[in-house]
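The values are calculated or read from the model by the stated rules, or taken from the named source; none is laboratory data. What you see is a predicted model, and the numbers here were worked out from it, not measured in a lab. Here the Cβ positions follow ideal geometry from the backbone for every residue, glycine too, while neighbour counts run over all protein chains shown.
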Amino acid sequence: MRLLIMGPQGVGKGTQAARLSEHYGIPHISTGDIFRYNLKNNTPLGQEAGQYINRGQLVPDEVTDRIVEDRLKMDDAQGGWILDGYPRNAEQVEALDRMLEQFGQKLDAAIALDADHEVLMERMKKRAALEGREDDTPETIAKRLDVYAKQTEPLLATYEQRGLLVRVNGVGEIASITEAIVAALDSRA
């Protein structure tokens, strides 16, 4: 099974992706983890991405696409995966489409977790306090949610038009949300 998990920051994508990974026996592939791996291990892709990161710039889509493609080619991803944090914009959707075509694979579903803005702000404040994350100020949280609304949320319409979108309420008990996702995915099979 090849899945995307999408939604604004703080909606629980990472938590649900990890649970779905265990349930379906497929790797949870977080773009943040891929970047950290490549940077830590000083891979050629990590060196290239690091040039942008070290200057405080966003890594260009073309580099991000190659990092994701490299990860999707790994042996553990051949039987499926759940991709968390990619695609984030229309160009990355096109790049993922090209990758899947090249691999002779197809996307099974794009899971969209939803939650109200106020709920997300409250969750992010709690996370910042628990984890001591200095980058989770109310201003930066609001900015990230705004970027999601402008760049990534419109992608949901693309996956809905393709008949791949599965919307699930991201508010509630973690296990109940997982059960709702699995039920929705299994009903499509």
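Output yes when any residue across the range 12-32 is among the basic types (Lys, Arg) and within 13 Å of the chain's Cα centre (by Cα), and no when none is.
Of the residues in the range 12-32, the ones among the basic types (Lys, Arg) are 13, 19.
Within this subset, residues satisfying the condition of being within 13 Å of the chain's Cα centre (by Cα) are 13.
Yes: the range 12-32 contains one or more residues that are among the basic types (Lys, Arg) and within 13 Å of the chain's Cα centre (by Cα).
Which of (1) in a helix (DSSP H, G or I); (2) touching a residue at least 40 places away in the same chain (Cβ under 8 Å); (3) aromatic (Phe, Trp, Tyr) is the odd one out, the single condition residue 86 does not satisfy?
(1)
Working carefully through the options 55, 71, find the one that is in a loop (DSSP other than H, G, I, E, B) and free of Cβ contacts under 8 Å to residues at least 60 places away in the same chain.
Being in a loop (DSSP other than H, G, I, E, B) and free of Cβ contacts under 8 Å to residues at least 60 places away in the same chain holds for just one of 55, 71, which is 55.
For the range 87-110, which residues satisfy the criterion of being modelled with pLDDT of 95 or more and either among the basic types (Lys, Arg) or closer than 17 Å to residue 39 by Cβ (or both)?
If the condition is that a residue be modelled with pLDDT of 95 or more and either among the basic types (Lys, Arg) or closer than 17 Å to residue 39 by Cβ (or both), then 98, 106 are the ones that fit.
Of the conditions (1) in contact with a Leu (Cβ under 9 Å, 6 or more places away or on another chain); (2) free of Cβ contacts under 8 Å to residues at least 24 places away in the same chain; (3) within 22 Å of residue 67 (Cβ to Cβ), residue 147 fails just one. Which one is it?
Every condition holds for residue 147 apart from (1).
Please find, within the range 150-174, the residue that is nearest to residue 108 (Cα to Cα) out of those that are without any contact (Cβ under 8 Å) to a residue 40 or more places away in the chain and not charged (D, E, K, R).
It comes out as 163.
Identify all residues within the range 137-177 that are part of a helix (DSSP H, G or I), more than 16 Å from the chain's Cα centre (by Cα) and closer than 15 Å to residue 113 by Cβ; write none if there are none.
Correct list: 160, 174, 175, 176, 177.
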